[in-house]
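Okay, structure first, notes after.
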């Protein structure tokens, strides 16, 4: 094993109408209790439905991106229900179409070859999502990426997990942790986020059939995270 692997995922949620009534009731309980009027209820329900993709219980992974930090080689596996399995190289990035289960199998195979995995907000989002969706498909992770978020306590880890949001915010000691966009902005790195293309827009893009555009956005996330990782290694890592 050698080197660091930069990773990122994109997700979408189920359609509300496809969720069974009991689950709908469970999901909307607090929204209904906290709403003071019909306007607040409508706003809350819209937010709830738009956020289904942020939970592995009501969502799925539509893209997994990986970047070898040493060589800068990038690969993005993504779902495209309208196309047969295919691969393509674009701007040095390998794009390959797979099902969610196939993506996860290949992801864990790649992870086992590295000393470290680098994420941004990976402890709170990407890695739990990957583990739970893998379990749903009957896939066992090749490494425990949730062993301990403190780097000094990861001495037993076969693959270290470096969450840049944790590191840059000193494990949340800062009052505001900051998003990937805000951190790249501060360090003069080109942000992959725009008003039109960001994590919240992925579900809409998927419905519109912009599958490759989602994969391209994921690849841009990898590049930005890698550049941010370089800044942390050079100037903040102790």
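Suppose each label sits 7 Å from its Cα in the direction of the beta carbon; what would the residue 173-residue 85 distance come out to in nanometres?
4.9 nm
State, to one decimal in nm², a quarter of the convex hull surface area for the C-alpha atoms of the range 1-140, i.e. the direction-averaged projected area. Walk me through the numbers on the way to the answer.
Numbers: hull surface 42.3 nm².
Over all viewing directions, the range 1-140 projects a mean Cα-hull area of 10.6 nm².
At a 10 angstrom cut-off on C-beta neighbours, averaged per residue, how do the peptides 40-47, 17-24 rank from highest to lowest?
On the way: 40-47: 13.1, 17-24: 10.0.
Ranked by mean Cβ neighbours within 10 Å, highest first: 40-47, 17-24.
When the Cα atoms of the range 71-203 are enclosed in a convex hull and the volume is divided per residue, what value in Å³ results? Can you show the working numbers first?
Working: hull volume 20.1 nm³, N = 133.
That works out to 151 Å³ per residue.
Under a plain spin-label model, where a point goes 7 Å from the Cα along Cα-to-Cβ, how far apart in nm are residue 207 and residue 32?
The modelled label-to-label distance comes out at 2.3 nm.
Note the direction-averaged projected area, equal to a quarter of the hull surface, for the Cα convex hull of the chain, in nm².
Averaged projected hull area, Cα only: 14.7 nm².
Can you give the relative contact order of the chain as a percent, counting alpha carbon pairs under 8 Å and 6+ residues apart?
Numbers: 363 pairs, mean separation 55.4, N = 238.
Relative CO of the chain lands at 23 percent.
To the nearest 10 degrees, how steeply does helix 127-136 sit against the main Cα axis of the chain, on a 0 to 90 scale?
70 degrees
So if I restrict to the alpha-carbon atoms in the range 53-131, what is the Rg, and what is Dmax, the biggest pairwise distance, in Å?
13.0, 36
Rounded to the nearest 500, what is the 222 nm mean residue ellipticity of the chain from helices alone, with -39500 (n - 2.57) per DSSP H run of 4+ residues and division by all residues?
On the way: 8 runs with 93 residues, N = 238.
About -12000 deg cm²/dmol.
For the range 87-238, give me the percentage of DSSP beta bridges that are antiparallel, rounded to the nearest 5 percent.
On the way: 4 of 8 bridges.
Roughly 50 percent of the beta bridges in the range 87-238 run antiparallel, per DSSP.
Please give the direction-averaged projected area of the C-alpha convex hull for the range 93-163, in square nanometres with one decimal. Present the calculation step by step, with values, prior to reporting the outcome.
Values: hull surface 20.1 nm².
Over every viewing direction, the Cα hull of the range 93-163 projects on average to 5.0 nm².
Please state, as a whole number in µm²/s, the translational diffusion coefficient that the Stokes-Einstein equation yields for the range 156-238 at 37 °C and 0.692 mPa s, with Rh defined as the Kirkwood radius across alpha carbon pairs. Working shown, then result.
Numbers: Rh = 14.3 Å.
The Stokes-Einstein estimate is 230 µm²/s.
We did not get these values from a lab; they are worked out from the coordinates using the rules stated. It should be emphasised that the depicted structure is a prediction, and the values quoted were computed from it without experimental measurement. A quick note on method: Cβ atoms are made from the backbone with ideal geometry, for glycine too, and the neighbour counts reach across all protein chains shown.
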